Amino acid sequence: MKSLISCLIIGISLAAFAVEPAAGQSLPFPETPSASKAAPSLKASTHQWRKAAQHLAKDAPNVVVILLDDVGFGQAGTYGGPIRTPTLSRIANSGISYNQFHTTALCSPTRAALLTGRNHHHVGNGVITEMAADWDGYLGTIPQTTATAARVLTEYGYNTAAFGKWHNTPATETTSMGPFTHWPTGSGIGFSYFYGFLAGETSQWEPRLVENLNQIEPPHDESYHLSTDLADKAVSWMRQHRAYTPDKPFFIYYAPGAGHGPHHVAKEWADKYKGKFDAGWDKMREEILARQKAKGWVPADAKLTPRPASIPAWSDIPENQHAFQTRLMELFAGFVEQADTEAGRIIDELDRQGLRDNTIVFYLVGDNGAATAGQNGSISELIFQNKIKSTIEQQMQTLDDLGGLDVLGSAKTDNIYHAGWGWAGNTPFPYMKQVASHLGGTRNPMAISWPAKIKAEKTPRPQFTHVVDVVPTIYEVIGITPPESVDGFKQDKLDGTSFAYTFNDPKAKPKKDTQYFEIFGNRAIYHDGWLASALGPSFVPAHAKQGENWDPAGDTWELYDLRTDFSQADNIAAANPQKVTELTALFMKEAEANKVFPIGGGFWYALHPEDRVSTPYKSWKFDATTRRMPEFTAPGLGRVGSTVVIDADVPENASGVLYALGGFSGGLSLFMDDGHLAFEYNLMMIERYNTRSEKKLSSGKHTIQVDTTIAKPGSPGMVVIQVDGTEYARLELKQTVALAFTASETFDVGTDLGSPVSKLYYDRRPFAFTGKIKSVAVDLK
């Protein structure tokens with residue numbers, strides 16, 4: 001027995017493998033042939049455990065990528081911003097930082113480019129997954145001809161895990177029935193483990209969580225917060241890795257939800273910043289630039305770019321709104337600080353396990369510039385995207401009805417700060433998230449630490465780098481040649497350029513000479529220190545009015561010499577028409593090569609909400625087992641006309657949800673309360689349309705029918721509720737949503753999981769139905 005155990009241990013050990021070259025390799029690697037010889041008898045046979053080929057050097061480093069969400073160039077305290085970021089400072093102080101690193105200007109596109117080493121349109125992610133359109137560059141699906149680093153590193157012998165926000169699975173493929181190819185652990189992506197959320201955002205208190213392929217519910221615990229949960233799971237995974245496969249390196253992709261909306265954080269984190277922002281965003285921007293210069297993070301001659309006309313001066317904000325607006329910023333700051341602090345527990349665990357020296361940590365401070373989606377500041381983040389008219393006074397009144405300013409940051413709001421704070425967060429650059437034409441949308445700090453190989457140095461690396469360059473850099477430091485084929489798919493070339501040459505030479509000559517940018521028609525081309533930029537329809541009102549008739553060929557291009565103009569402050573296009581012509585031609589060449597056409601393809605959803613990503617179905621049959629159906633896969637209830645027919649056994653004085661879609665920040669729910677039938681249409685918290693039957697339903701079997709009439713998404717509507725053919729209630733809808741109630745909440749039958757739709761049963765959530773639901777038939781009109 002002792003001999004048998006020894007053989008088993010030798011058979012599974014990886015420690016003695018020898019490295020094999022990988023040039024021109026196809027993945028997966030071929031199986032190692034047996035070293036034993038089989039004869040008709042055991043006596044005549046020989047046995048020897050095969051030694052699987054080792055495809056990595058013995059000192060291959062662990063890799064950790066930390067990616068914050070919607071955090072701008074000027075927000076992190078490490079580099080002069082107002083928000084404390086102790087973990088980022090720890091990485092920067094033990095390594096190096098980059099002040100000319102760039103993202104795509106938007107969530108899904110940056111993440112797809114980061115994970116594949118290829119441009120975002122090249123991998124079908126020219127826009128976020130929920131706004132996908134059926135052009136190759138905008139489909140929202142990473143093709144298998146562009147394998148992710150996770151898939152490649154797994155094959156080479158790494159354990160791989162992803163935590164937090166994903167946002168790279170097609171929005172219609174996120175139900176418990178898949179398909180799972182493009183889930184984080186699916187065959188098309190390649191992580192071995194995932195814990196987080198698939199959507200672009202989620203409640204930090206009641207997140208719609210997935211572990212590998214399983215939907216799970218967070219605990220209903222007042223101390224729960226997703227940022228802490230993600231760190232808990234990452235540390236646990238690292239310890240399991242040490243216990244079960246200590247001889248393998250690992251790759252961790254850690255992407256918390258902060259600071260994307262909703263800005264959910266406990267009061268004690270936000271209170272750290274009480275009064276810090278009372279002077280407003282204009283003053284904050286001046287203070288940030290002064291600190292950036294004092295730290296040597298930006299050149300001493302860097303200019304502060306002007307405030308866009310779309311953003312008011314702080315002095316124009318009414319005095320009675322100041323407390324509301326500053327609290328929104330305090331919450332954002334606390335949210336980001338907490339996420340950074342929790343990420344530090346991964347670094348702590350590296351130290352605890354003695355792995356820190358040979359772990360390369362990439363800390364990307366944002367997947368785009370700071371966001372301005374909050375417009376004038378909001379308690380319900382998707383108001384703007386749904387084109388719902390509301391005033392700050394309405395929002396403040398709604399907030400007062402819920403309990404006042406202290407409710408901000410809680411599960412009862414989906415708060416997001418004023419656009420002015422986001423603009424200031426991108427100091428000193430112009431514009432913000434989504435604006436790929438300008439550095440406020442695309443330039444983010446990055447810090448790298450690898451104590452064994454990179455000497456700590458404070459001098460910022462000034463080389464022009466981009467998110468597509470991270471994977472080539474990882475491959476170079478590990479010693480991997482990008483595979484020619486993966487799973488039978490011939491691989492497209494990488495678009496990025498390794499920047500490992502900058503690790504120990506801050507003055508190294510840049511190796512990257514060209515990079516295009518495009519999001520929603522906002523576009524730019526970088527080449528040898530020059531940047532040509534053009535704004536798209538979303539920032540040029542005259543173009544927006546033209547809709548799909550907008551012709552990008554008629555746009556006016558700006559020109560900047562980034563070698564002498566760090567902050568993109570001086571447009572010199574008029575003096576250099578030949579350079580503008582040269583660069584715009586180069587942009588068109590890069591755009592065609594990377595599937596950017598049609599320029600502005602990501603803008604299609606705004607012009608045609610009827611083409612919103614959805615499943616092809618028009619009819620469904622549900623029952624009480626239907627839970628956690630993501631909104632973008634569910635029937636478009638409340639957005640288009642529909643008929644819902646429910647067959648149920650109703651007990652006396654029945655209570656509970658019959659079906660619900662969405663959450664507290666927006667949604668609809670049909671429920672019973674002490675025998676009465678009730679319906680609520682929650683219009684993004686600003687208006688709640690409610691009806692309740694005057695008489696109770698008797699106990700027994702009933703057929704309940706809900707007919708909703710909505711001419712088109714966003715228009716008024718009418719809801720009529722019948723029981724056994726008799727009208728019980730009707731409800732006028734003055735406004736409806738155009739796009740969606742939420743980004744990650746779900747359709748549930750017989751309960752309301754996650755964030756509850758209605759205030760009327762908030763304290764009784766998930767408010768499970770006390771009867772039995774036999775079927776729920778849904779037909780869209």
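The values are calculated or read from the model by the stated rules, or taken from the named source; none is laboratory data. Nothing here was measured: the structure is a model prediction, and the numbers come from that model. Every residue, glycine among them, receives a Cβ derived from its backbone with ideal geometry; neighbour counts consider all protein chains shown. Heads up: the accessible areas ignore ligands, DNA and RNA and are worked out on the full protein's heavy atoms, side chains in. Shrake-Rupley method; radii C 1.70, N 1.55, O 1.52, S 1.80 Å.
Looking at GLU687, GLU732, GLU680, GLU652, which one is over 30 Å from ILE383 (Cβ atoms), in contact (Cβ under 8 Å) with a residue 24 or more places away in the chain and acidic (Asp, Glu)?
Values: GLU687 fails: over 30 Å from ILE383 (Cβ atoms); GLU732 fails: over 30 Å from ILE383 (Cβ atoms); GLU680 fails: over 30 Å from ILE383 (Cβ atoms).
Criteria check complete, one pass: GLU652.
If I ask for residues that are farther than 23 Å from GLU631 by Cα, in contact (Cβ under 8 Å) with a residue 40 or more places away in the chain and either in contact with a Leu (Cβ under 9 Å, 6 or more places away or on another chain) or surrounded by 24 or more Cβ atoms within 10 Å (Cβ to Cβ) (or both), which ones from the range 121-136 would you list?
HIS121, HIS122
Tally up the residues in the range 528-541 that are surrounded by 19 or more Cβ atoms within 10 Å (Cβ to Cβ) and modelled with pLDDT of 95 or more, please.
6
Please verify whether VAL235 is within 23 Å of the chain's Cα centre (by Cα), under 30 Å from LEU153 (Cβ atoms) and either of a type in the set (Val, Ile, Thr) or open to solvent by 60 Å² or more (accessible area, probe 1.4 Å) (or both), treating the condition exactly as stated. Before you say what the answer is, go through the steps one by one.
Working: within 23 Å of the chain's Cα centre (by Cα): yes; under 30 Å from LEU153 (Cβ atoms): yes; either of a type in the set (Val, Ile, Thr) or open to solvent by 60 Å² or more (accessible area, probe 1.4 Å) (or both): yes.
Here the answer is yes, as VAL235 does meet what is asked.
For the range 412-432, enumerate the residues that are open to solvent by 10 Å² or more (accessible area, probe 1.4 Å), under 25 Å from ALA266 (Cβ atoms) and in a loop (DSSP other than H, G, I, E, B).
LYS412
Could you grab the pairs with beta carbons closer than 9 Å, sequence gap of 6+ or different chains, first residue in the range 347-360 and farther than 19 Å from ALA92 by Cβ, second one in a helix (DSSP H, G or I) and open to solvent by 60 Å² or more (accessible area, probe 1.4 Å)?
These pairs meet every condition: GLU349/ARG239; GLN353/ARG239; GLN353/ARG242; LEU355/ARG242.
Residues are listed down the side, and each one gets a yes or a no for (1) of a type in the set (D, E, K, R); (2) assigned to a helix (DSSP H, G or I); (3) open to solvent by less than 10 Å² (accessible area, probe 1.4 Å); (4) out of contact with any helix residue (DSSP H, G or I) (no Cβ under 8 Å at 6 or more places or on another chain):
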site	(1), (2), (3), (4)
LYS283	yes, yes, no, no
GLU287	yes, yes, no, yes
PRO306	no, no, no, yes
SER310	no, no, no, no
PHE332	no, yes, yes, no
VAL336	no, yes, yes, yes
ALA339	no, yes, yes, no
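Scan the range 172-179 and give yes if some residue there is crowded, with 24+ Cβ neighbours inside 10 Å and in contact (Cβ under 8 Å) with a residue 60 or more places away in the chain, otherwise no.
Yes, that holds for at least one residue.
If I filter the range 733-748 for residues that are among the charged types (D, E, K, R), more than 26 Å from ARG612 (Cα to Cα) and touching a strand residue (DSSP E or B) at 6+ places or on another chain (Cβ under 7 Å), do I get at least one hit? Before you say what the answer is, go through the steps one by one.
Taking the range 733-748 and keeping what is among the charged types (D, E, K, R), we get 734, 745, 748.
Now narrow it down to the ones that are more than 26 Å from ARG612 (Cα to Cα): none.
Scanning the range 733-748 turns up no residue that is among the charged types (D, E, K, R), more than 26 Å from ARG612 (Cα to Cα) and touching a strand residue (DSSP E or B) at 6+ places or on another chain (Cβ under 7 Å).
Going by the structure shown, is ILE91 open to solvent by less than 10 Å² (accessible area, probe 1.4 Å) and farther than 21 Å from ALA591 by Cβ? Step through it out loud before you land on a result.
On the way: open to solvent by less than 10 Å² (accessible area, probe 1.4 Å): yes; farther than 21 Å from ALA591 by Cβ: yes.
Judged against the criteria, ILE91 is a match.
Can LEU402 be described as open to solvent by 20 Å² or more (accessible area, probe 1.4 Å) and either within 20 Å of GLY663 (Cβ to Cβ) or modelled with pLDDT under 95 (or both)?
Details: open to solvent by 20 Å² or more (accessible area, probe 1.4 Å): yes; either within 20 Å of GLY663 (Cβ to Cβ) or modelled with pLDDT under 95 (or both): yes.
Criteria met by LEU402.
Under 9 Å between Cβ atoms, which residue pairs at least 6 apart in sequence (or on different chains) link something in the range 37-53 that is without any contact (Cβ under 8 Å) to a residue 12 or more places away in the chain with a partner that is open to solvent by less than 100 Å² (accessible area, probe 1.4 Å) and not in a loop (DSSP other than H, G, I, E, B)?
LYS37/THR46; ALA38/THR46; ALA39/THR46; HIS47/CYS7
Residues checked against (1) small (Gly, Ala, Ser); (2) buried (at least 16 other Cβ atoms within 10 Å of the Cβ); (3) touching a Pro at 6+ places or on another chain (Cβ under 8 Å); (4) over 24 Å from GLY137 (Cα atoms):
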site: GLU548; (1), (2), (3), (4): no, no, no, no
site: GLU558; (1), (2), (3), (4): no, yes, no, yes
site: ALA575; (1), (2), (3), (4): yes, no, no, yes
site: ALA593; (1), (2), (3), (4): yes, no, no, no
site: TRP604; (1), (2), (3), (4): no, yes, no, no
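Taking the range 444-460 on its own, how many of its residues are closer than 30 Å to ALA569 by Cβ and either modelled with pLDDT under 95 or surrounded by fewer than 24 Cβ atoms within 10 Å (Cβ to Cβ) (or both)?
Taking the range 444-460 as the starting set, the residues that turn out to be closer than 30 Å to ALA569 by Cβ are 444-448, 457-460.
With either modelled with pLDDT under 95 or surrounded by fewer than 24 Cβ atoms within 10 Å (Cβ to Cβ) (or both) added as a condition, the list becomes 457-460.
Adding up the residues that qualify gives 4.
Only one of these is of a type outside the set (D, E, K, R) and within 27 Å of the chain's Cα centre (by Cα): ALA105, ALA53, ALA39, ALA44. Name it.
Numbers: ALA53 fails: within 27 Å of the chain's Cα centre (by Cα); ALA39 fails: within 27 Å of the chain's Cα centre (by Cα); ALA44 fails: within 27 Å of the chain's Cα centre (by Cα).
Unique residue meeting the criteria: ALA105.
Can you run down the residue pairs with Cβ atoms below 7 Å, 6 or more apart or on separate chains, where the first is in the range 138-167 and open to solvent by 10 Å² or more (accessible area, probe 1.4 Å) and the partner is basic (Lys, Arg)?
THR145/LYS490; GLY157/LYS248; ASN159/LYS248
Can you work out which of the residues in the range 266-281 that are within 17 Å of GLY377 (Cα to Cα) and out of contact with any Asp or Glu (no Cβ under 6 Å at 6 or more places or on another chain) is most open to solvent (accessible area, probe 1.4 Å)?
ASP278
Only one of SER665, SER699 is closer than 20 Å to ASP752 by Cα, among the polar types (S, T, N, Q) and out of contact with any helix residue (DSSP H, G or I) (no Cβ under 6 Å at 6 or more places or on another chain). Can you tell me which? If you could, list the steps in order and put the result at the bottom.
Numbers: SER699 fails: closer than 20 Å to ASP752 by Cα.
Just a single option satisfies the conditions, and that option is SER665.
Taking the range 728-771 only, how many residues are surrounded by fewer than 20 Cβ atoms within 10 Å (Cβ to Cβ) and of a type in the set (Phe, Trp, Tyr)?
Qualifying residue count for the region: 1.
Could you grab me the full set of residues in the range 560-573 that are open to solvent by 30 Å² or more (accessible area, probe 1.4 Å), within 20 Å of THR442 (Cα to Cα) and not small (Gly, Ala, Ser)? Before the answer, list the steps.
Start the filter on the range 560-573 by keeping residues that are open to solvent by 30 Å² or more (accessible area, probe 1.4 Å), which leaves 563-564, 569-572.
When the remaining residues are screened for being within 20 Å of THR442 (Cα to Cα), the result is 563-564, 569-571.
Passing the criteria: ARG563, THR564, ASP570, ASN571.
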